[in-house]
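The values are calculated or read from the model by the stated rules, or taken from the named source; none is laboratory data. What you are looking at is a predicted structure, and each value in this text was computed from that prediction instead of being measured. Virtual Cβ from ideal backbone geometry, glycine too; neighbours counted across all protein chains shown.
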Amino acid sequence: MIFTFSFFLRSFCVLPLLSQDAVENRSSATLPEVVVTASSPQSEEPPSQSGPAESSIYGPELSLLDIPRNVTSISQEELHTVMAQTVNDLVAFNPSINPTQSTGNVVSEPVVRGLPATVFRNGMLVGFSSGGNWGPIANINADESLDLVTGPVGVVFGPQEFAGGYLNELTKQPFFDRFHADTYYTIGMYDTNFWNVDLGGPIKQGKLAYRLDYFGQDGYGPYNYYDGSYLNRQCAYLALSWIPTSKFRMDWNGEVDLNHFVPYAGINRPTQNLIDNGLYQSGNWIGYYTPPVSPSQPFGQFHPGIGTPPPGFGYAIDWGPLVPISSRANIFDTPFDFSRQLYAVSQLISSLELTEELALVNNSLFEYYQTNIAQPIPDPTWVVMPYGINLADRLELRFNEENEGNKNFWQYIDSGIAFRYLTDLEYSGSWHPTTNQANLTEPLTFLDASVPVPYALAISPAYNNPFLTDIPIPGYSGEYFNVDNFASTQCQFFEFSPFLQDIFHFGDKFSLLFGSRLDCYFVEASPPEGTPAALLYPQTAYQASSMSALLPQLTLSPTYKPFPWMSCYATYYFGQTTAQSILGSFAPEFTSTYYHQTQGFYEVGTKMSLLKDRLFLWLSGYIQSGFIPAFVLPGGTTPTVSATVEGIQIQGNYRFNRSFWATFGFNYMQGLENWTQTDGVGPTTFTPYSATVAALYNLPVSQIISLPPGIYPFIGFPKEYGNLMLSYQAPWGGGISLWAIAQGGQFLSYNYSTRAPAWYTLNASIFYSRKNWELRIWFYNLTDNHYWIAGAPGFTPARSANLEYAAFQMPFWM
């Protein structure tokens, strides 16, 4: 059996190896002695969560006890404890996080309280992601720590979407004290293979320093376990810090990531028999249906062979018996599916101390992104961004009034203006990403995929929608896109956002946080290059659009501290965000409604720092409302629908001493989609019943139909979440970390009949650490618990396809 281990080179010496005569004869060329030292992660300071630590998640540095939200700071030690490589791994630290499957894609943002959590890099928005999907994969190896806050994004950072929280990546910073070097190499089951080199030190003592990090990956178990899936990565990170005076400093970081992968998509035709017993509903695709020409055709006119049915009809299957299927089966197990990403980022943060109480901070960010996602078999889907450029800047004036002489009133003001410019080209297709026609008991070929729909077929009476035309993507042979689908676009926009955040302190016990922001958008969105003239104005209503929009944000948070170790807070938020294209910009068919998506948020809670700051506890209740994206056919309407998420959460951290620490939490929540004011339209579902029902009554599948209006509980959405982590290191260097994750059951689709049961995993790492090196073995899912989750979480448009595929999760591995 292959096992995973990491080896850390924590210190070494480089000495000139010369004879004494050589040294005497080469005095002009003698090199100084260079000593490199560092410590193992277990000998560093404890995780920052223990006690009332500080966080900049609200802009300025504030005590976690004083921030009127649920905030989790995750240290590098904790990230290393679980070997965090994806945002899903953060579930070990906060019960608000939902590890999810995003079928056909990787999750680029964590899912928090049932909604995407917007990602920031040292306080600046990481662009090119929509609803947690399609964006660049996070390189957690380049992070020093992470700050996670629940609820809408604060007014300093600025919102982008209806978010259940936001994550701020605090990237690695240069070392000014001495040269440090750290390297590890990890191998494991299912061809897990990755490595990291992290080094840095002073260039000019006290003035200039650097940090260099390289991460490479050639295989990862949670991908490679599944047939056809893999993950290969090359990531390079560099940081420089310059402190010319005690009043001024500049911090720059840059990164280039190359990602090549095929994600795990799941197994199609999910049924209760598949989830409970591993039995797959077999059957071969024999034809498809179009509108009936006589009353004797209840499912429509039957066409034998391969084709693509119009919406509302489906595929005919010659159903077979239930058969066992491998848990490693994957609907993307073909040589034709692939995903590629090129992501480059440069960030410069400049800080000038004007007086002891006044500082000027400028934070600028440049991003470049290319991606090509090709999934032609069996669910023809393509997402292509030939280029995307994002330039952002935020200028802040911070006034921190000192509390001297027991003042009755003082304040902390953070005000400024943010600017953003984005230009990109996005292609998204096709409109028929169905999989239930394919039979996974046989190898997948092009005969298992629906075929592109040409313009002549799209305008025929059976289809009667020119926007169902699958259009070749220029420069990408064999790939197709659609237009008027709220996704494909050629867009550029400017955003200007003045903001003000003021924290009023009325003595030591009461404070009031007031925040306001106004996002001013100026958008030019056009049909993407390659759109046929027959689909453009005046042949259709589809044309370029210009839009300007003012989106206000307002937050108010009173905090009362009855004791120095306890705070009670309430937070109110009102604001507007926009709908988004598939990669985070705007499509030409967006009307004013989609630039003004109102959201609200209420949270009340209490925090306590006990046992001389060894134990940190907080309890909160919350309700949040806004708009989530919905699947929409090309030429359709209602790409968003109102939704509400509410719940209660308890969380804690305990640090007994440097050798033992623990984190724990529980969250109960529920989410609802409100389809009562959507012009008589309900949610879309690809197949309205499970394959069990289809086989029993010989019904078609993958019809793509709209359900009746109503209020629908979230699907792909557990209500209960829990986490527990314990870590202990003995004085002689050996240690063990244990963490458990548990979640409630979840319904796959809107018929609420097929359900993935509640599950848990118990995980561990055993390590031996010395001053200069460490050996560690990780064990995941120790009890080999076999469990499933929905193909897509409840807030994504892909939830409409949750009866097309479900995702078996990793068994025991190490």
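Listed here are the residues, each with its yes/no results for (1) β-branched (V, I, T); (2) farther than 26 Å from S351 by Cβ.
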site	(1), (2)
A209	no, no
Y220	no, yes
G228	no, yes
Y237	no, no
W242	no, no
T245	yes, no
V256	yes, no
N259	no, yes
G266	no, yes
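Being closer than 25 Å to Q341 by Cα and in contact (Cβ under 8 Å) with a residue 24 or more places away in the chain narrows it down to one of F194, F248, so name that one. If you could, list the steps in order and put the result at the bottom.
Values: F248 fails: closer than 25 Å to Q341 by Cα.
Matching residue, one of F194, F248: F194.
Listed residues Y455, Y463; which is farther than 15 Å from L633 by Cα, of a type outside the set (D, E) and surrounded by fewer than 22 Cβ atoms within 10 Å (Cβ to Cβ)?
On the way: Y463 fails: farther than 15 Å from L633 by Cα.
Y455 is the lone residue from the list that is farther than 15 Å from L633 by Cα, of a type outside the set (D, E) and surrounded by fewer than 22 Cβ atoms within 10 Å (Cβ to Cβ).
Look through the range 424-434, keep the residues that are among the hydroxyl-bearing types (S, T, Y) and part of a strand (DSSP E or B), and return whichever of them is farthest from Y463 (Cα to Cα). Give the derivation first.
Filtering the range 424-434 down to residues among the hydroxyl-bearing types (S, T, Y) leaves 427-428, 430, 434.
Then keep just the ones that are part of a strand (DSSP E or B); that gives 427-428.
Values: Y427: 22, S428: 20 Å.
Residue satisfying both the conditions and the ranking: Y427.
What's the number of the only condition in (1) closer than 30 Å to Y412 by Cα; (2) modelled with pLDDT of 95 or more that G507 fails to meet?
Checking G507 against (1) closer than 30 Å to Y412 by Cα; (2) modelled with pLDDT of 95 or more, the one that fails is (2).
Going by what's in this entry, would Y264 be described as hydroxyl-bearing (S, T, Y) and outside any strand (DSSP E or B)? Give the derivation first.
On the way: hydroxyl-bearing (S, T, Y): yes; outside any strand (DSSP E or B): yes.
Yes; evaluated as a whole, the condition is true for this residue.
Out of the range 776-788, which residues are surrounded by 15 or more Cβ atoms within 10 Å (Cβ to Cβ) and either among the hydroxyl-bearing types (S, T, Y) or part of a strand (DSSP E or B) (or both)?
Residues of the range 776-788 surrounded by 15 or more Cβ atoms within 10 Å (Cβ to Cβ): 776-781, 786-788.
Passing the criteria: R776, I777, W778, F779, Y780, Y787, W788.
Can we say T540 is assigned to a loop (DSSP other than H, G, I, E, B), at negative phi, buried (at least 18 other Cβ atoms within 10 Å of the Cβ) and of a type in the set (V, I, T)? Steps first, answer last, please.
Values: assigned to a loop (DSSP other than H, G, I, E, B): yes; at negative phi: yes; buried (at least 18 other Cβ atoms within 10 Å of the Cβ): no; of a type in the set (V, I, T): yes.
So T540 does not fit the description; no.
State all residues of the range 166-191 that are closer than 23 Å to I349 by Cβ and in contact with a strand residue (DSSP E or B) (Cβ under 7 Å, 6 or more places away or on another chain); if no residue qualifies, say none. Break it down stepwise before answering.
Kept after step one, since they are closer than 23 Å to I349 by Cβ, are these residues of the range 166-191: 166-177, 180.
Within the range 166-191, Y166, L167, N168, E169, L170, T171, K172, Q173, P174, F175, F176, H180 qualify.
Any idea which of F812, F808, F747 is touching a strand residue (DSSP E or B) at 6+ places or on another chain (Cβ under 9 Å) and crowded, with 23+ Cβ neighbours inside 10 Å?
F808
Here are the criteria: (1) without any contact (Cβ under 8 Å) to a residue 40 or more places away in the chain; (2) farther than 30 Å from D470 by Cα. Tell me which single one Y387 does not satisfy.
Here Y387 meets the rest and fails (2).
Mind telling me which of the residues S488, S477, S511 ends up being under 26 Å from N372 (Cα atoms), crowded, with 22+ Cβ neighbours inside 10 Å and among the polar types (S, T, N, Q)? Can you show your working first?
On the way: S477 fails: crowded, with 22+ Cβ neighbours inside 10 Å; S511 fails: under 26 Å from N372 (Cα atoms).
The unique qualifying residue is S488.
Considering (1) touching an Asp or Glu at 6+ places or on another chain (Cβ under 9 Å); (2) without any contact (Cβ under 8 Å) to a residue 24 or more places away in the chain, say which one F563 fails and leave the rest.
Here F563 meets the rest and fails (1).
Residues checked against (1) touching a residue at least 12 places away in the same chain (Cβ under 8 Å); (2) aromatic (F, W, Y); (3) crowded, with 21+ Cβ neighbours inside 10 Å:
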position	(1), (2), (3)
W242	yes, yes, no
G266	yes, no, yes
N277	no, no, no
N284	yes, no, no
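Read through the list (1) closer than 30 Å to V361 by Cα; (2) in contact with a Leu (Cβ under 6 Å, 6 or more places away or on another chain), then give the number of the only condition that M250 fails.
With (1) closer than 30 Å to V361 by Cα; (2) in contact with a Leu (Cβ under 6 Å, 6 or more places away or on another chain) applied to M250, the lone miss is (2).
Sort out which residues of the range 316-367 are part of a loop (DSSP other than H, G, I, E, B) and β-branched (V, I, T), and write them in order of number.
Taking the range 316-367 and keeping what is part of a loop (DSSP other than H, G, I, E, B), we get 325-337, 354-357.
If the condition is that a residue be part of a loop (DSSP other than H, G, I, E, B) and β-branched (V, I, T), then I325, I331, T334, T355 are the ones that fit.
Got a number for residues in the range 111-163 being part of a loop (DSSP other than H, G, I, E, B) and either more than 20 Å from A92 (Cα to Cα) or of a type in the set (G, A, S) (or both)?
First pass over the range 111-163, keeping only residues part of a loop (DSSP other than H, G, I, E, B): 113-114, 122-123, 126-129, 131-132, 134-139, 151-163.
Next, from what is left, pick out any that are either more than 20 Å from A92 (Cα to Cα) or of a type in the set (G, A, S) (or both): 114, 122-123, 126-129, 131-132, 134-136, 138, 151-163.
Total satisfying the criteria: 26.
Just checking, does the range 456-469 include any residue being touching a Pro at 6+ places or on another chain (Cβ under 8 Å) and assigned to a strand (DSSP E or B)?
No.
Step by step: first the residues of the range 106-132, then only those that are farther than 30 Å from A570 by Cα and touching a helix residue (DSSP H, G or I) at 6+ places or on another chain (Cβ under 8 Å), then the one that is surrounded by the fewest Cβ atoms within 10 Å (Cβ to Cβ). Which residue is that?
Step one: of the range 106-132, the residues farther than 30 Å from A570 by Cα are 106-108, 127-129.
Going one step further and asking which of them are touching a helix residue (DSSP H, G or I) at 6+ places or on another chain (Cβ under 8 Å), we end up with 107-108.
Numbers: V107: 25, S108: 23.
If we take residues in the range 106-132 being farther than 30 Å from A570 by Cα and touching a helix residue (DSSP H, G or I) at 6+ places or on another chain (Cβ under 8 Å), then S108 is surrounded by the fewest Cβ atoms within 10 Å (Cβ to Cβ).
Name every residue in the range 368-382 that is in a strand (DSSP E or B) and in contact with a Ser or Thr (Cβ under 8 Å, 6 or more places away or on another chain), in order of residue number.
Across the range 368-382, the qualifying residues are T371, N372, I373, A374, Q375, T381, W382.
One line per residue, one yes/no per condition, for (1) closer than 21 Å to F586 by Cβ; (2) crowded, with 17+ Cβ neighbours inside 10 Å; (3) more than 27 Å from the chain's Cα centre (by Cα); (4) touching a residue at least 24 places away in the same chain (Cβ under 8 Å):
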| position | (1), (2), (3), (4) |
| --- | --- |
| E356 | no, no, yes, yes |
| P376 | no, yes, no, yes |
| V383 | yes, yes, no, yes |
| L395 | no, no, no, yes |
| R398 | no, yes, yes, yes |
| E401 | no, no, yes, yes |
| T435 | no, yes, no, yes |
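Of the conditions (1) in a helix (DSSP H, G or I); (2) over 28 Å from T334 (Cβ atoms); (3) not hydrophobic (A, V, I, L, M, F, W, C), N273 fails just one. Which one is it?
Only one criterion is unmet by N273, namely (2).
Looking at Y421, Y476, which is the one that is out of contact with any helix residue (DSSP H, G or I) (no Cβ under 7 Å at 6 or more places or on another chain) and outside any strand (DSSP E or B)?
One residue alone meets the criteria, Y476.
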